[in-house]
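The values are calculated or read from the model by the stated rules, or taken from the named source; none is laboratory data. Because the structure is predicted, anything quoted here is derived from the model rather than measured. All Cβ positions, even for glycine, are placed from backbone atoms using ideal geometry, and neighbour counts span all protein chains on display. Remember, those area values only see protein heavy atoms, side chains included, never the ligands or the DNA or RNA. Shrake-Rupley method; radii C 1.70, N 1.55, O 1.52, S 1.80 Å.
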Amino acid sequence: ETIVVFTSDHGNCLGIHEKISKNNHYEESMRVPFIIRWPGEIHHRRDDLLLSAPDIYPTLMDLMGLAEAIPDTVEGCSCAGVFRGDEGARPTSQLYIWVDPERPAEGRRGLRTHWYTMMVEREGGEEHVTLHDNQADPYQLENIAPDSPALVASLSEQLNRWLRKTNDPWLSAAP
């Protein structure tokens, strides 16, 4: 009768991409394990679910039959149906955020889909976009943003939906 969860809040680059920290958009930091076990309720399998940290609380509450107790202010959504094996709505992206507590409207925001990873870095009123095609370039060595304005615009709209949902101060300070 116990739900057991094994996860992490981030991976770690350990020198990959010349980064030594966890606070970046690369696969080594974005991809983290999420293993859930609930004998008799959740069947074992692998899944490519794009689960984000804000989704964990509502998902666990829903699995326990407490969906009605989830406050309206919760920023994530329940993925309990996916864990139960139901077909239906699945997140299409995962949110990436790096915030300097002293300058919350700056820093980095981005998202990861099954195909792409996009990161926008804002500093001093300027923005720089990095976009990786994770299928064609799994090591994320090439920034395709300069050659992909329509794709950047589409992913930026998805990112803005996330930021509106989480009331991120990033939106109010756009250059």
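General remarks:
- Of all the residues in the stretch 40-86, those that are outside any loop (DSSP other than H, G, I, E, B), open to solvent by 50 Å² or more (accessible area, probe 1.4 Å) and either modelled with pLDDT of 90 or more or charged (D, E, K, R) (or both) number 4.
- Tallying residues that are surrounded by fewer than 17 Cβ atoms within 10 Å (Cβ to Cβ) and within 13 Å of the chain's Cα centre (by Cα) within the stretch 147-159 yields 1.
Every residue, every condition in (1) surrounded by 12 or more Cβ atoms within 10 Å (Cβ to Cβ); (2) within 22 Å of Arg46 (Cβ to Cβ); (3) among the small types (Gly, Ala, Ser), yes or no:
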site: Gly88; (1), (2), (3): no, yes, yes
site: Ser93; (1), (2), (3): yes, yes, yes
site: Arg109; (1), (2), (3): yes, no, no
site: Arg112; (1), (2), (3): yes, yes, no
site: Pro138; (1), (2), (3): no, yes, no
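- Scan the stretch 122-175 for residues that are free of Cβ contacts under 8 Å to residues at least 40 places away in the same chain and basic (Lys, Arg) and the total you get is 2.
- Residues of the stretch 51-102 that turn out to be farther than 16 Å from Lys165 by Cα and among the polar types (S, T, N, Q), as a count: 1
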